[in-house]
1. How would V86, V27 line up from fewest to most surrounding beta-carbon atoms within 10 angstrom?
2. Checking the table K39/K115; K81/K115; K60/K81; K77/K115; K63/K88; K88/K148 against a 28 Å threshold on Cα-Cα, which pairs fail?
3. Quick one: net charge of K63's neighbours, Cβ under 13 Å, K/R +1, D/E -1?
4. Once you keep just the Cα pairs under 8 angstrom separated by 6 or more residues, what percentage relative contact order results for the chain?
5. So if we plug the beta-carbon distance of I29 and N120 into 1/(1 + (r/R0)^6) with R0 = 35 Å, what FRET efficiency do we get, rounded to 0.05?
6. Count the net charge of all other residues whose Cβ sits under 15 Å from the Cβ of K99, scoring Lys and Arg as +1 and Asp and Glu as -1.
7. Would you mind ranking I80, I87 so that the residue whose beta carbon has the fewest other beta carbons within 10 Å leads the list?
8. Read through the labelled values [x] 21.1, 80; [y] 17.5, 67; [z] 15.3, 44 and report the label of the one computed as Rg and Dmax of the Cα atoms in Å from the structure.
Amino acid sequence: MDNIQLYIDSGNVLRLQFHDAVHPELVPIKADHWNAIYKIYHHQTLFDHGLFSNNYFICKQRKLLIIEEYNRTILDKDSIKTDDDVIKNLRLFDFKSNKTCRFSKLTGGSFLLQKFVDNNFIFSKQYSGKISEFEIDITSTILVDFGKL
């Protein structure tokens, strides 16, 4: 897997560095069931201890990164039997305030990250062939300093 450059702005260029890949044990091997796991680096330094997918949304004018984050149970490969054992949430990094938060847990399925309208981030959850749309007012999220979550 290739590393991925994330250009937030000229002072904030991050790198998603491939860490591992997990496939649910009881699912026949298929490309779309692999879960590629990345870590985020800034230059050569680990930026955050989270485990991330390559599904992200960058809002340059707001200096925001929203990225799909795996629950740490993804590292216990023996516990990942089906797609429903993969737990994710969304993670927001605000580079104007140097703060972060988690929101919108999902067990199995995937997120579709879409757009901002005013202060609302619009995204969908796809699970078992169904898609549900959500929006969150990012000004109402409880943010903590980078490195504190």
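Just so you know, all these numbers are worked out from the coordinates, no wet-lab data involved. Keep in mind that this is a model prediction, so the values were computed, not measured. All Cβ positions, glycine included, derive from the backbone under ideal geometry; neighbour counts span all protein chains shown.
1. Lowest count first: V27, V86.
2. Pairs exceeding the cut-off: K81/K115; K60/K81; K77/K115.
3. Local charge sum for K63: +2.
4. 15 percent
5. Computed FRET efficiency for I29 and N120 comes out at 0.35.
6. Local net charge: +3.
7. Fewest to most other Cβ atoms nearby, the residues stand as I87, I80.
8. [z]
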